[in-house]
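Notes follow the structure.
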Amino acid sequence: MMKLWVFLATVTIFLTIKYVNGVAVMSIDLGSEWMKIGIVLPGVPMEIVLNKESKRKTPAVISFKDNIRTFGEEAQTVGIRFPKNSYSYLIDLLGKDINHPLVKLYQSRFPYYNIIEDAQRGTILFKHDDETTYSPEELIAQLLHRAKEFAETNAQQPIKECVLTVPGYFNQAERKALLQAAELANLKVLQLINDYTAVALNYGIFRIKHFNETAQYVMFFDMGASSTTVTIVSYQTIKTKEKGFVETHPQLTVIGVGYDRSLGGLEIQLRLRDYLATKFNEMKKTPNDVFQNPRAMAKLFKEAGRVKNVLSANADHYAQIEGLLDEKDFRIQITRDEMERLCSDLYDRVAEPVKKALKVAGLSADVLNQVILFGAGTRSPKVQKILQDIVGQDLAKNINTDEAAAMGAVYKAADLSTGFQVKKFITKDGVVFPIQVVFEREAEGAVKLVKRTLFGVMNPYPQKKIITFNKHTHDFSFSVNYAELDHLPEQEILNLGALNLTEINLEGVAEVIERNKGDNIESKGIKAHFAFDESGILKLVNAELVVEKTVTPEAEQEAEGTFSKLGSTISKLFSGDSGTPEKTEEPAPEEQKEESTTKEEVLNNNTSKNDTNPNKNSTEQEAPKEIKPKVVIVKEPIKAFEKVLHINKLTKLQLEESSNKLEKLNVIDRELNRRATALNNLESYVIDAQNKLDEDEYAQASTPEELEKIRTACSLVSDWLYEDGSDADADTYETKLNELKVLTKDLYLRVFEHKERPEAIEALKSILNGSVHFLESAKNLTKTKNPEKDIYTDIEIETLQKVINETQEWMDKKISEQDKLNKYEPIKLTVKLLSEKMALLDREVKYLVNKLKIWKPKKTELPKEENKTTDDDSKTEDNEEVIEEEVEDTIEQPDVEVSSDDVKPSKSTDDDGNHSEL
């Protein structure tokens with residue numbers, strides 16, 4: 001039953017994504033511990049990309065050793081031996097300064113890293129060696145680039161566009177930093193999508209038919225490696241009229257979010273690591289402290305992760321490491337109860353995000369339709385029990401806890417891409433951190449600080465908002481900050497970092513106001529337009545002065561210039577319009593509504609007058625109407641300069657420098673891959689050639705001297721590979737491979753010819769046999785043999801006969817010559833020659849077959865005596881029509897099916913209804 005459900009779900013997704021005209025798009029779910037990649041390409045539904053180990057997820061780890069860069073599981077292996085050269089759990093380091101609480105926490109967890117401050121940006125750098133540093137953006141860019149390579153290998157085409165998942169609690173600096181990392185990876189980000197929104201979308205697209213106008217509330221509980229997030233989503237159908245007609249679409253809306261940035265599987269794993277290290281020290285197997293050895297601690301960290309996963313399903317398990325420290329082995333039994341005791345305070349924190357999400361959503365747990373688990377941390381029985389006690393219902397496990405976010409994000413990528421048509425599923429995310437505008441205003445001789453909330457908690461986005469400044473007449477500035485954060489715990493406010501985002505300075509205000517003064521002008525204030533885009537990033541769109549200008553018809557005519565009048569006159573001449581319409585500007589929507597109402601009232605009044613005074617003079621009825629002054633809205637832009645108050649983005653120069661640094665690493669990787677491929681190809685070719693020389697078909701097709709020459713060359717290359725050639729470059733390997741291919745080319749070609757020739761000869765014989773049968777049938781379809789079926793000319797029949805005879809003679813002669821030769825002698829009858837003869841014969845037969853298909857019989861004319869009648873002319877014509885229809889019904893076109901491989905005669909019916917074989 002489960003397999004059927006999965007099949008139907010896959011079919012549903014495939015049907016909702018339709019290829020239009022474009023290339024593949026991808027998604028990357030980059031977590032702190034794992035990286036998952038989704039892809040959609042023409043003709044293929046959504047799927048997860050496999051890495052080079054054919055696994056569906058890749059460790060988000062990058063390592064460097066001896067100028068060689070590795071990723072994933074290879075990088076983890078390097079990291080155990082050289083922890084300082086291996087970088088992981090990077091996502092939480094984006095957009096932070098060196099004093100940030102999460103940076104301090106990272107340093108305490110992994111003390112062997114040398115983290116320094118980036119003086120230019122105020123962020124952090126990993127000091128890799130005396131000459132090299134890496135920013136978090138650069139390291140993450142390398143992971144994203146590797147994900148891009150995996151996807152391109154899978155799709156067999158370049159991929160540029162992607163959707164990236166991002167933790168919903170990421171602030172403005174963190175989101176911008178991730179976008180710059182993607183830019184360094186040469187990826188065009190269609191959207192940053194919150195990870196819980198991607199999961200909710202993946203859940204929803206499989207259940208579209210279950211939604212209606214009544215909202216359904218679903219809670220997603222996500223405990224990952226480094227954090228825990230609880231999200232409440234409402235699902236329902238809504239009506240839209242975007243295309244001019246009403247449509248019904250499903251919509252998900254994020255209405256509540258609660259989170260804990262440091263509660264996850266990583267913290268549990270670290271506590272197990274430290275517990276194991278303490279136990280090893282207590283065993284006194286060596287005088288050295290295991291905590292002081294980074295390599296030993298890396299081994300313990302890996303083993304702690306394995307034990308943690310096993311204890312999710314088992315009551316106890318053994319942790320064991322060979323040669324942990326000073327060649328001393330370590331083995332100890334751990335129970336699930338011990339692990340839960342070590343992490344008791346962590347489990348106490350599980351309930352808080354749930355309560356926060358419910359409070360923000362304004363719901364109680366009993367209205368939840370489902371509670372769905374996501375993330376590896378939810379496999380813990382302890383976590384499930386705590387959660388179940390809070391929500392008071394069974395927990396659902398009907399999504400893939402590893403892949404749901406990647407699959408939801410790739411659906412969004414297909415939706416945003418121009419190359420696919422996707423069944424519309426509206427997503428409305430919610431603002432987690434409210435944003436406000438703060439500015440100064442003079443009031444009663446004093447300066448007052450004014451705060452205005454721009455986007456409140458759980459305001460849906462994408463959304464645009466405008467703030468109006470009515471009292472400012474000169475240059476001024478205002479700041480954009482995070483608003484009241486009382487709904488967050490104190491620690492999460494500290495994790496947010498700097499609360500001031502940007503300072504915006506408006507210049508040239510007085511000049512713009514002065515240009516727009518007048519008795520007929522009313523100022524509507526200075527308006528600053530903000531947008532909270534799909535990626536959750538706040539942007540200042542523009543600033544402008546807005547005024548309403550009252551324009552009378554006389555003033556408007558007077559203001560109209562000479563050239564404008566001349567153009568209007570010429571236009572009237574060509575258009576035939578003799579009237580004098582007024583020049584108008586498009587009014588605002590509100591003005592349109594008022595103007596429309598006024599006209600309607602005038603019309604109603606006139607109608608009323610006509611009804612009460614039916615004999616009223618027509619001249620009075622057509623009295624000129626009073627033309628009211630028009631109100632025109634004028635907008636003039638104001639220069640706005642934005643200054644970032646928190647973490648600075650990479651400048652254009654810094655982006656270029658980082659890009660060049662990463663490209664050098666990519667060049668090294670490509671060269672290493674090329675060398676590895678060339679070495680592998682050379683080794684494979686040598687081994688393959690040596691094996692083939694021992695086979696009879698190769699020995700018979702070669703002289704002893706030729707065999708010895710190839711054997712010697714292969715032995716020399718083989719010896720060289722395991723001696724001096726082990727450090728050779730790609731060019732050398734490729735050159736030696738080409739030399740071997742030249743040496744074995746003639747032998748391999750002869751073996752191929754001897755192997756494939758019998759089959760090619762049989763194919764030619766089959767076509768000859770079919771052509772002969774067709775020719776015999778075609779001879780009966782000439783004017784000479786059958787005047788009523790005059791399809792072929794005598795020349796066409798003779799040409800086909802000649803080709804058949806020549807082909808038969810050629811084949812007999814060449815087979816005889818080839819049979820007299822030894823297998824090691826040059827080939828005379830090649831597969832290519834046989835193919836050419838088959839093509840020539842096939843072309844001749846197809847020409848005649850096509851002529852037969854398009855041939856139509858001539859209409860049969862009745863004898864003159866049958867046309868005689870004593871009736872009038874009209875009856876004669878009717879009889880003739882009936883006779884012609886009857887005659888046509890008795891004439892059938894021959895139905896002959898012919899192919900170049902098997903020409904078979906078929907039967908047809910002649911005019912008398914008799915069957916004859918063609």
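Under the classification rounded if a/c is under 1.5, otherwise prolate if a/b is larger than b/c and oblate if not, where does region 492-538 fall, given a ≥ b ≥ c as square roots of the Cα gyration tensor eigenvalues? It comes out prolate by the Cα gyration axes. With Cα atoms defining each centre, region 820-845 and region 245-281 are spaced 69 Å apart in the structure.
How do the peptides 467-477, 768-778 rank, highest first, by the average count of neighbouring beta carbon atoms within 10 Å per residue?
Taking the mean over residues of other Cβ atoms within 10 Å, the ranking is 768-778, 467-477.
Within a straight-line Cα-Cα reach of under 18 Å, Lys628 can be paired with the following lysines, leaving aside sequence neighbours fewer than 8 residues apart in one chain: Lys549, Lys583, Lys593, Lys599.
Each peptide among 69-82, 838-851, 693-706 gets the average number of other Cβ atoms lying within 10 Å of its residues, and from highest to lowest they stand as 69-82, 838-851, 693-706. When only Cα pairs below 8 angstrom with a gap of at least 6 residues are kept, region 652-749 shows a relative contact order of 40 percent.
Cross-link pairs exceeding 21 Å between alpha carbons, from the set Lys36/Lys160; Lys279/Lys328; Lys765/Lys851; Lys755/Lys802: Lys765/Lys851; Lys755/Lys802. Pairs exceeding 21 Å between alpha-carbon atoms, taken from Lys465/Lys517; Lys209/Lys464; Lys104/Lys127: Lys465/Lys517; Lys209/Lys464. Here region 726-857 is described by how far its Cα atoms reach on the three principal axes: 81, 36, 19 Å, from widest to narrowest. In this structure, Lys451 and Asn648 have a Cβ-Cβ separation that, at R0 = 22 Å, corresponds to a calculated FRET efficiency of about 0.30.
Whole-Hz Karplus values for region 744-749 come out as 9, 4, 5, 5, 4, 5 Hz, taken residue by residue from phi with 6.51 cos²θ - 1.76 cosθ + 1.60 and θ = phi - 60°; glycine and proline positions read x. Of interest is the spacing of the C-alpha centroids, which for region 70-113 and region 761-797 amounts to 80 Å. The equivalent ellipsoid that matches the C-alpha gyration tensor of region 77-178 spans semi-axes of 25, 19, 13 angstrom, in descending order. Label point 7 Å out from Asn398 along Cα-to-Cβ: which residues of region 339-379 have amide N under 18 Å? Residues passing the 18 Å test: 367-375.
Applying 1/(1 + (r/R0)^6) with R0 = 22 Å to the Cβ-Cβ distance of Glu322 and Lys52 gives a FRET efficiency near 0.20.
Compared with the direct C-alpha span, the chain from Ser684 to Ile426 gains 87.6 nm at full extension, assuming 0.36 nm per residue. Considering every alpha-carbon pair of region 431-551, the percent of pairs per 5 Å bin, from zero through the bin containing the longest distance, is 2, 9, 18, 19, 17, 14, 10, 6, 3, 1, 1, 0.
With the convex hull of the Cα atoms taken as the outline of region 666-796, the averaged projected area works out to 14.7 nm². Our estimate of slack between Thr799 and Gln107, defined as 0.36 nm per intervening residue step minus the Cα-Cα distance, is 240.3 nm. Shape analysis of region 265-348 places it in the prolate category; the axes a ≥ b ≥ c from the Cα gyration tensor give an a/c of at least 1.5, with a/b above b/c. Classify region 325-415 as rounded, prolate or oblate from the Cα gyration tensor: take a ≥ b ≥ c as the square roots of its eigenvalues, call it rounded if a/c is under 1.5, otherwise prolate when a/b beats b/c and oblate if not. Verdict is oblate for region 325-415.
Among the lysines, which fall within straight-line cross-link reach of Lys736, defined as a Cα-Cα distance under 22 Å, with same-chain neighbours fewer than 8 residues apart omitted? Counting by Cα, and skipping residues close in sequence, Lys736 has these lysines nearby: Lys692, Lys709, Lys745.
Take the Cβ-Cβ distance between Asp819 and Lys846 as r, set R0 to 35 Å, and report the resulting FRET efficiency rounded to the nearest 0.05.
Once the sixth-power term is evaluated, E becomes 0.65.
Once the Cα-Cα distance is subtracted from the 0.36 nm per residue extended length, the Thr552 to His487 segment shows a gain of 18.0 nm.
Sorted by mean Cβ packing within 10 Å, highest first, what order do the peptides 126-132, 802-808 take? It would help to have the intermediate numbers written out before the result.
Values: 126-132: 11.7, 802-808: 15.3.
The packing order, highest mean first, is 802-808, 126-132.
A straight line joining the Cα centroids of region 680-756 and region 41-68 runs 35 Å.
Since every read-out is calculated from the coordinates, none of them should be taken as a lab result. Computed from a predicted structure; not experimentally measured. Using ideal geometry, Cβ is built from the backbone for each residue, glycine included, and neighbour counts are taken over all protein chains shown.
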